[in-house]
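Report on one structure; see the data block that follows.
The values are calculated or read from the model by the stated rules, or taken from the named source; none is laboratory data. Note that the coordinates shown come from a computational prediction; the quantities given were computed from them, not determined experimentally. Heads up, the Cβs are rebuilt from the backbone with ideal geometry, glycines too, and the neighbour counts pull from every protein chain shown. Ligands, DNA and RNA are stripped out before the accessible areas are found, and what is left, the full protein with its side chains, is counted by its heavy atoms. Shrake-Rupley method; radii C 1.70, N 1.55, O 1.52, S 1.80 Å.
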Amino acid sequence: MTTKDQHYLQLLSKSFPTVAAASTEIINLQSILSLPKGTEHFLADLHGEHEAFQHVLKNASGNIKRKVNEIFGYQMSDKEKKDLCTLIYYPEEKLELVKEQEQDMHDWYIVTLHRLVKVCRDVSSKYTRSKVRKALPPDFSYIIEELLHESGEDQDKTAYVNTIAETIISTGRGDDFIIALANVIQRLIIDRLHILGDIFDRGPGAHIILDTLANYHDWDIQWGNHDILWMGAKAGNEACICNVIRLSLRYGNLSTLEDGYGINLVPLATFAMDVYGDDPCTAFMPKCEEDEDMDSKTISLTAKMHKAITVLQFKMENQLFAKHPEWQMTDRMMFNHIDYERGICTIDGKGYKMKTCNFPTIDPADPNRLTEEEEGLIRKLKRSFVMSEKLHKHIRMLLRHGCMYAVCNGNLLFHASVPLNDDGSLKEVEVYGKRYSGKDLLHNIGVLVRSAFQSDSDPVERDYAIDYFIYLWSGPDSPLFDKSKMATFERYFLEDKETFKEQKGAYYTLRNNPDICDAILDSFEVKGANRHIINGHVPVHVSSGESPIRANGKLMVIDGGFSRAYHDETGISGYTLIYHSRGFQLVQHDLFTTRRDAIEKGTDIKSTTMLVELSKHRMHVADTDKGEELRQQISDLQGLLYAYRHGIINEH
């Protein structure tokens, strides 16, 4: 035994000071290894759809409904089962409705408490008592634990359980106890949540999603391009700030900016009216949902603000492209390629007609220079983003829980792409003067992203890191984009739709090849016979016959269109990939209406479950990454036992 090993065991002995303590912990850990594997849920591309996201968490992607059907079968009517599910999803609101409709509340409380305990007992069965105890609310911890571990077969115990239920009701704690049980069920049915990027943009509630995650028990995120854009905005990247505002205006959705993060858009509105007051800004009308109430004046102002921020965005981006020629994006400085008198933009030597050349703030001799008014505007907007306390909190959460990729239980998770050459080999990409590929590329990008938020970072590196957010958003070799160009300019300003085409990187064309997937998995050192790549980013067009399962099951693409903007395109409303002890299931969600409908009418997201991969044997904790950790802990404790018994270390 080396001195270093002995020092480590001395430290370990502080937690387990006796042979008995160390032995007990070994027994505990060994028994945990034999428990069923916890259930993991994978979601991607939420895009601000907070109500649908919250409902999917509450109903565990249909898993609670399935459990209720399995437990009660024909003992309850379909309506009773639906009401019980709604009570579990939305206990506070459902209780209010029940009190308005139910004649005998005492009887309802007794029946409902027993039913909820049965569901809770079922979902807690795969965990240790210790883990379940930690999930219980302090006020009811002892009572719930007693109820969970009483089967009711013993007559004396049945009376004991009934007395507990009666006492809960008679002391006026019935509502609180039901709410507590419902929350415990929601907590235990999903062991871990993985989000494969893009919480932000398009939908109205990214800030609400992040508020929900702030109190969630176990989650991680692999940053998406839209998350990176907001992170860049918080870091002070002016081009990212403009992009964030532009996207919000494009979808007629300012609630996340204004209500969520307190971003002051009055200076932009004032500037837009001054500069574009007489411009109809036809190409900048917001893409509003039919049920959104925007009057003509609001739509007109939004369009003017939209154009103003778009022009400012291109100026800020062009300045960064000129500052960083190593990005090889100077060809995207589109304002330099316009003949403003003729209304022609030249791309690759060919001229294209502009939809408009009304650019009051552009000097054709120096098109990327900001006017004095634009400089004042960008200063105010930047200050608003940088000083937002809630945005600061949420970006810190993304940094704490997130990264560019993750490897978990034989699955490689990342949002969009691993850049490849045309022959399928890993592509080298320059990051801050060095070239990386594959795992090293994603790791070092993650390190650079974090340096943008650290006060002790080298000032030159930190400045570069802040600039680099815009490359991650739209750079041709960015793992979060990986296309030849982002054709935003062309879509706004050019008539020829041929210019809108964005050529995808080799990853998107080669990823359906099982050999390519295996090579990527090897490069990330993913082990196991049944290993997978799990992605989001590119919507799966289910209505056109596309499948989310590719490369003989080695690749799963789970962007099914949570965002309403994609519902017509995908034909569905998102996916949840579920990985439990018996294998993988993919749940396909139909359209979620509203939270109010779910509470009042008992409507649920209609979900279709597909079996993706069934394990030959039921997986246990021993088969997971956690199992590997526990085996190492057991080995360490066995070393401590040896040291105690041979007098190398004294018991305390």
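Miscellaneous remarks
- Count of segment 339-371 residues which are open to solvent by 70 Å² or more (accessible area, probe 1.4 Å) and closer than 15 Å to Glu490 by Cα: 4
- Subset of segment 192-212 [within 14 Å of Ile558 (Cα to Cα) and of a type in the set (D, E, K, R)]: Asp198
- Every pair of residues 6+ apart whose Cβ atoms lie under 6 Å, when the first sits in segment 624-652 and is open to solvent by 60 Å² or more (accessible area, probe 1.4 Å) while the second is aromatic (Phe, Trp, Tyr): Glu651/Tyr644
- Output for segment 77-93, where each listed residue is open to solvent by less than 40 Å² (accessible area, probe 1.4 Å) and touching a residue at least 24 places away in the same chain (Cβ under 8 Å): Leu84, Cys85, Thr86, Leu87, Ile88, Tyr89, Tyr90, Pro91
- Helices (runs of 4 or more DSSP H) completely within segment 190-278 that count 1 or more residues being open to solvent by less than 10 Å² (accessible area, probe 1.4 Å) and farther than 26 Å from Ala416 by Cα: 266-276
- Filtered residue count, segment 472-512, keeping only those that are open to solvent by less than 20 Å² (accessible area, probe 1.4 Å), more than 24 Å from the chain's Cα centre (by Cα) and more than 29 Å from Ala452 (Cβ to Cβ): 4
- Test: residue in segment 279-286 that is part of a loop (DSSP other than H, G, I, E, B) and at pLDDT below 90: no
- Residue match in segment 400-414 (condition: open to solvent by less than 10 Å² (accessible area, probe 1.4 Å) and not in a strand (DSSP E or B)): yes
- In segment 147-170, residue modelled with the lowest pLDDT [restricted to those that are under 14 Å from Ile110 (Cβ atoms) and open to solvent by 40 Å² or more (accessible area, probe 1.4 Å)]: Thr158
- Filtering Asp423, Asp458 for residues that are over 27 Å from Arg396 (Cα atoms), surrounded by fewer than 17 Cβ atoms within 10 Å (Cβ to Cβ) and either free of Cβ contacts under 8 Å to residues at least 60 places away in the same chain or not polar (S, T, N, Q) (or both) leaves a single hit, Asp423.
Quick grid of which residues meet (1) more than 25 Å from Ser581 (Cα to Cα); (2) touching a His at 6+ places or on another chain (Cβ under 9 Å); (3) of a type outside the set (D, E, K, R):
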{"position": "Gly62", "(1), (2), (3)": "no, yes, yes"}
{"position": "Thr86", "(1), (2), (3)": "yes, no, yes"}
{"position": "Lys118", "(1), (2), (3)": "no, no, no"}
{"position": "Pro137", "(1), (2), (3)": "yes, no, yes"}
{"position": "Phe140", "(1), (2), (3)": "yes, no, yes"}
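- Residue-level check: of (1) surrounded by fewer than 24 Cβ atoms within 10 Å (Cβ to Cβ); (2) modelled with pLDDT under 95; (3) more than 22 Å from the chain's Cα centre (by Cα), Asn183 misses just (3).
- Residue ID - least open to solvent (accessible area, probe 1.4 Å), chosen from residues in segment 13-50 that are of a type in the set (Val, Ile, Thr) and touching an Asp or Glu at 6+ places or on another chain (Cβ under 6 Å): Thr39
For (1) assigned to a strand (DSSP E or B); (2) under 22 Å from Asp279 (Cβ atoms); (3) of a type outside the set (A, V, I, L, M); (4) open to solvent by 20 Å² or more (accessible area, probe 1.4 Å), each residue gets a yes or a no:
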residue: Gly376; (1), (2), (3), (4): no, yes, yes, no
residue: Arg379; (1), (2), (3), (4): no, no, yes, yes
residue: Leu391; (1), (2), (3), (4): no, no, no, no
residue: Met397; (1), (2), (3), (4): no, no, no, no
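- Residue match in segment 258-268 (condition: over 20 Å from the mean Cα position of the chain (by Cα) and either at pLDDT below 90 or of a type in the set (Ser, Thr, Tyr) (or both)): no
- Lone unmet requirement of (1) in contact with a strand residue (DSSP E or B) (Cβ under 6 Å, 6 or more places away or on another chain); (2) over 25 Å from Lys58 (Cβ atoms) for Cys288: (1)
- Residue ID - farthest from Thr112 (Cα to Cα), chosen from residues in segment 51-73 that are β-branched (Val, Ile, Thr), more than 15 Å from the chain's Cα centre (by Cα) and open to solvent by less than 20 Å² (accessible area, probe 1.4 Å): Ile64
- Within segment 477-506, the only residue that satisfies the criterion of being in a loop (DSSP other than H, G, I, E, B) and among the aromatic types (Phe, Trp, Tyr) is Phe481.
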